[in-house]
Amino acid sequence: MHGGFENETPNIPTNSIMKLDLIAHVKGNAQLLQKLENAFQSHLKGANSQVSGTKSNDNSPTLSNSSRATTPPMQSLAKANMKIRIGKGEIEQKKGQAPQVVSFNGNEPRDKNSKNIESLHQLFLNHLLRPKEWSASVDGQTYFAFRRDHILALAEEA
Amino acid sequence: MRFFDLWGNPDENGDIESYDYLFLGDYVDRGNHSLETICLLMALKIRFPDKIHLLRGNHEDKWINNAFGFAEECSNRLGEDPTEQDSVFNKINDFFDWLPLAAVIEDRIVCLHGGIGSTLVSLEQVEQIKRPLEVIHEVSSVEQQLVVDILWSDPTDSDNELGIQPNFVRDPNGTGNIVKFGPDRVKTFLENNKVNFILRAHECVMDGFERFAGGCLFTVFSATDYCGRHKNAGAMLQITKSYELVPKMIYPLNNAEDNWITDDEPLNKRPPTPPRWQNQGPRNKSFE
């Protein structure tokens, strides 16, 4: 996927391509794993119905070793011409530039449990509205969690 | 306004969508977290445009916040040159130039940062001020004086001091542009505009809020332990549906060194405005 995060600045995309082993991250949650498998299966059906290991008639995949086999490698997703949907917002990257909000679909239902980021201002809110999580380690003289171009974009939007 | 005090209050669960929030200015300078404060307010304004309302204070002015801490903070924390055209410092000050100078709540409560000074008579005067607006300190027009009055003036030191009085603290050179206004001015203004209260900030008050003009003007100041020196409480005012003004106290956290610029050198160079209870007589040093 595009847009990784550094541990020190977990709310700031790094503008780089990042590989995530989603299966490893959600393997402890059967519900999430099922959703993930469904998503990949539908993607593969559209792209290539002959992918090895895919059970095309299986509408209710279960947690099993076979689910790993159906998961396409992350690189294939990165190569695809895809916009990254972050909550309601669609963010895409132009080469060498910071991610920019290019559209905003207000009609899309919002997942209350989602921690996804909707747009630039939401990046700031997610971080700044939780001062207790980071204030103790912040030296106000030397550290600020956001980059200049993000602040400039926020001021422009405001 | 101080970032950590604000978000210890009114509650940690957040009730932004249930109320309108009106901020009375001074979002930068003095403290160590101006960037957090203004970025949070801008993000909130974008996210909740009809619920978050930001008025302009006298520190939302590049000539002031260049000297009182914000430019230095941008330089130190972002590694930028504030004098560059495309600096964060300049961009945020461009945003400040668009902020409104006053607000009226339900045709009853006039809100502004400083006061009515010597020239604000009617609310129509405020409506006629065009934005973006650069604050001019060497006043040469009626409108420039009006802006300085709204952003810089204070009530007189007590209800016994009437009329227009010199403001020695903020105008040490005696230009006469920054004044104090008496309770008689307040009552005349309220009658002329058919409103009940003036709500303003601009001065540190010991309990976070203070009444003036027989309870017709409220000063509210949310920054606690101002400049790490005064141990004052802060406050916000909740306005009920029956238009009662209910103070909500914010108490100091005893972490001045984490929040305020407490080094002697910058404080000597840019001495803090004395709190309201010390506003008597001329100061030894002027602003530099």
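The values are calculated or read from the model by the stated rules, or taken from the named source; none is laboratory data. Quick caveat: nothing in here was measured; it's all calculated off a predicted structure. Cβ sites come from the backbone with ideal geometry, for glycine too, and all protein chains shown count toward neighbours.
Computed values, structure above
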{"item": "A:GLU118 of a type in the set (Asp, Glu) and at pLDDT 55 or above", "result": "yes"}
{"item": "Selected residue [buried (at least 19 other Cβ atoms within 10 Å of the Cβ), touching a helix residue (DSSP H, G or I) at 6+ places or on another chain (Cβ under 8 Å) and among the polar types (S, T, N, Q)] from B:SER118, B:SER153, B:SER122", "result": "B:SER118"}
{"item": "Pairs where the first residue, in segment A:144-158, is more than 7 Å from chain B (Cβ to nearest Cβ) and the second is assigned to a helix (DSSP H, G or I), C-beta under 6 Å, 6+ apart", "result": "A:ALA145/A:HIS127; A:ALA153/A:LEU120"}
{"item": "Identity of the residue in segment B:1-39, at pLDDT 85 or above and of a type in the set (Gly, Ala, Ser), that ends up surrounded by the fewest Cβ atoms within 10 Å (Cβ to Cβ)", "result": "B:GLY25"}
{"item": "Of all residues in segment B:156-189 being at pLDDT 95 or above and among the basic types (Lys, Arg), the one that is surrounded by the fewest Cβ atoms within 10 Å (Cβ to Cβ)", "result": "B:LYS187"}
{"item": "In segment B:67-91, the residues that are touching a Cys at 6+ places or on another chain (Cβ under 8 Å) and of a type in the set (A, V, I, L, M)", "result": "B:VAL88"}
